[in-house]
Ligand code: NAD
């Protein structure tokens, strides 16, 4: 007898709601390949219900005092901190990443909760006394209303948390549309908000596919859209939301390069290339997927150039990586890397390695036939290293989003910079060197939004902002940081004169000027 597969619905009006649409999508444990749940996909009636509830929630929440909203945020922060282990297990079960990495993404999301706890200072208005004679001006910000957050599969906690703490702190109500592949984390977070004292309707989870996304894009009540996902969808979201008069920020895909100058410590570089290339099985928008090695004569006595030496070091380290179920190895302990998200994605990643090979690249370490004993149905793909990838190959120009590290050899710093700048993405990049002047020039000339100097995954901390350039971000608003309060609020400026009857100026049809 097969066990019944649980169903997952929505969170609307402070309660779990089963979907009645009759449409569903399977949720898998990527490590075992088993279906762990069936996700109900919203129909139009469910979208309307979610939006109506969020509207009602906004009316309550936006009217509460700063002090009352602040206490809910602090409660949420404390509860999340105390119970993050439960959330990490959910992430690992549906996403596949190892538990410590799941805790890592929760910690980065928590940074934004902590930023949002400072909202009373960040949302203070401005006041100018006597701007004109007897006239004062003050400005202040008000929440937008219902805001939509649409997230990808790869960070089911951190990415929604880039937005919802700020949006909620500012007085909005949010509707989160999680990825169909790992929806449970958002539902868990919804319950935690309720426990923290957030009024019903302020945090809604609407599960669904394109229909749910389009429902949010088309609902007049939804004032803004914060999207993170692949570039083609980000562009679609940006254009559609803008056409519908909404405020929109849409973060897209990436192809991040690590430029290695000949003076860098190659052991440090090899360790960092492994961490940034294979962590979370390469399913990070800030993963390093290309190592750009500036070639120089080898100094360790081996054959070839410094790039050959680096490839040897990376290959050696790949041999020591443990790949397995992110929830733990049969022998105990945690693997370094888990599976990919789905069987389809595994096929896609494999296809890119085929393309690289057909285009003449050298497959130094091949993960295509990799399997984990006892988890033969899991979506595992072995760490893969590709040398001499032609920069015309689709395997170089496209985002692979898997544990595939490509090496491109260049002859100079400038050739490396030019190659990075010729790409259509501009999310993250890193330079490894001991030359401060070169690093400074790199930060000046590179057309990328987030830069690491001897830091391979330069995800800015919560009080800075996250966002790329070019096709990695549509719109001009980044995620989190103090400036993100602007995205989730509208400003009003009030010009005030309390008329002194003795100084009443009479009628004047001229345009008001200061005096
Ligand atoms: P995706 O674009 O397939 O899906 C993202 C969201 O869009 C999901 O909620 C999905 O349901 C929805 N969606 C998918 N197709 C749609 C369509 N046709 N119309 C409307 N909505 C649609 O992305 P993914 O595979 O879940 O995530 C991986 C991608 O996200 C990678 O490209 C990665 O680089 C990117 N990403 C970017 C960042 C960043 O900060 N720039 C961060 C994380 C992930």
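Since every read-out is calculated from the coordinates, none of them should be taken as a lab result. Computed from a predicted structure; not experimentally measured. When we count neighbours, we look across all protein chains shown, and the Cβ atoms used for this are built from the backbone with ideal geometry, even at glycine.
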Evaluated at 10 °C with a viscosity of 1.306 mPa s, what Stokes-Einstein diffusion coefficient in µm²/s does region 8-49 have when Rh comes from the Kirkwood expression over alpha-carbon pairs? 142
Using Cα centres only, tell me the gap between region 307-346 and region 447-515 in whole Å. 44
Label points 7 Å out from Cα along the Cβ direction at residue 221 and residue 513: separation in nm? 4.9
Length-normalised contact order of the chain, Cα under 8 Å, at least 6 apart, in percent, tallies to 18
Gain in length, residue 107 to residue 63, computed as 0.36 nm per residue apart minus the alpha-carbon separation, to one decimal in nm? 12.8 nm
So, R0 is 45 Å and r is the distance between the beta-carbons of residue 315 and residue 124; what FRET efficiency does that work out to, to 0.05? 0.25
I'd like the antiparallel share, as a percent to the nearest 5, of DSSP beta bridges with both residues in region 364-515. 35
Proxy exposure order for 127, 487, 140 (fewest C-beta within 10 Å first) is 127, 140, 487
Could you calculate the FRET efficiency of residue 362 with residue 100 from 1/(1 + (r/R0)^6), where r is the beta carbon distance between them and R0 is 35 Å, rounded to 0.05? 0.60
What ranking, highest mean first, results for peptides 332-340, 91-99 when packing means the other Cβ atoms within 10 Å averaged over each residue? 91-99, 332-340
Between the alpha carbon centres of region 31-87 and region 200-251 the gap in Å comes to 17
Can you tell me the order of 152-162, 201-211 when each peptide is scored by its average per-residue count of other Cβ atoms within 10 angstrom, highest first? 152-162, 201-211
What nm distance separates the two modelled labels at residue 82 and residue 44, each placed 7 Å from Cα along Cα→Cβ? 4.5
Please express the Cα-Cα pair-distance distribution P(r) of the chain as a list of whole percents, one per 20 Å bin, running from 0 to the bin with the greatest distance. 22, 50, 23, 5, 0
Please list, by residue number, everything in region 457-500 whose backbone N is under 16 Å from a paramagnetic label point 7 Å out along Cα→Cβ of residue 131. 491-499
Nearest-5 percent of antiparallel DSSP beta bridges in the chain? 45
Roughly how tilted is helix 44-61, in degrees to the nearest 10 and between 0 and 90, from the longest Cα axis of the chain? 60
Most to least packed among 233-243, 216-226 [average Cβ atoms within 10 Å]: 216-226, 233-243
Specify the angular offset, from 0 to 90 degrees and rounded to the nearest 10, of the alpha carbon long axis of helix 436-445 from the longest principal axis of the alpha carbons in the chain. 60
Quickly work out the residue 35-to-residue 275 label distance, labels modelled 7 Å from Cα along the C-beta direction, and quote it in nm with one decimal. 4.0
Helix 184-196 versus the longest principal axis of the chain: what is the Cα-based angle in degrees, 0 to 90, to the nearest 10? 40
